[in-house]
1. In which sequence would 86, 74, 62 go, from the one with the fewest C-beta neighbours within 10 Å to the one with the most?
2. Label points 7 Å out from Cα along the Cβ direction at residue 120 and residue 94: separation in nm?
3. What do you get for the angle between helix 136-163 and the principal long axis of the chain? Use alpha-carbon atoms, 0 to 90 degrees, nearest ten.
4. Using only alpha-carbon positions, what ratio does the radius of gyration of region 1-157 give when scaled by 2.2 N^0.38 Å?
5. Note down the relative contact order for region 28-163 as a percent, whole number, built from C-alpha pairs under 8 angstrom at least six residues apart.
6. Determine the calculated [θ] at 222 nm for the chain from helices alone, applying -39500 (n - 2.57) to every DSSP H run no shorter than 4 residues and normalising by the residue count; nearest 500 deg cm²/dmol.
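Derivation of every value follows stated rules applied to the coordinates shown; laboratory data play no part. Note that this is a predicted model, so its numbers are computed, not measured. Here the Cβ positions follow ideal geometry from the backbone for every residue, glycine too, while neighbour counts run over all protein chains shown.
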């Protein structure tokens, strides 16, 4: 996943939208990379009491992209999009889920998110989310929060795995 770094000096004076997208892409890339170099068993390894695994985290992030940049923007239902009804279900791993397939699905979801948001301004309101109408600015900030949390989760899971 190619992106410009948030520490690139050209990002500092950039317009807000560009800064938000740079931060989002940096977090997307970090979460994607959390699976790099892992075996299938390691990626699926459960190290906490919840359903959270590294593979499940990236699969969940794919769900999140589709909730906020497909469901919220297009007003299509989760069933129409082909995603789980609840966030909890989005962590469930299927037999065919592999590091490669989950990373590919995540890259595709991120690209679709970028395309879906491209024509909208930060002040445009989307109406397809269950919370009600929300400005794109809120969507970007929420996604940054969500991805930052999950990047932290991924860091801790990798650290636990390396210590084992």
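1. Arranged by neighbour count, lowest to highest, 86, 74, 62 become 86, 74, 62.
2. Label-label distance for residue 120 and residue 94, simple model: 2.6 nm.
3. 20 degrees
4. With N residues counted in region 1-157, Rg over 2.2 N^0.38 Å equals 1.03.
5. 32 percent
6. The helix contribution divided over the chain gives -17500 deg cm²/dmol.
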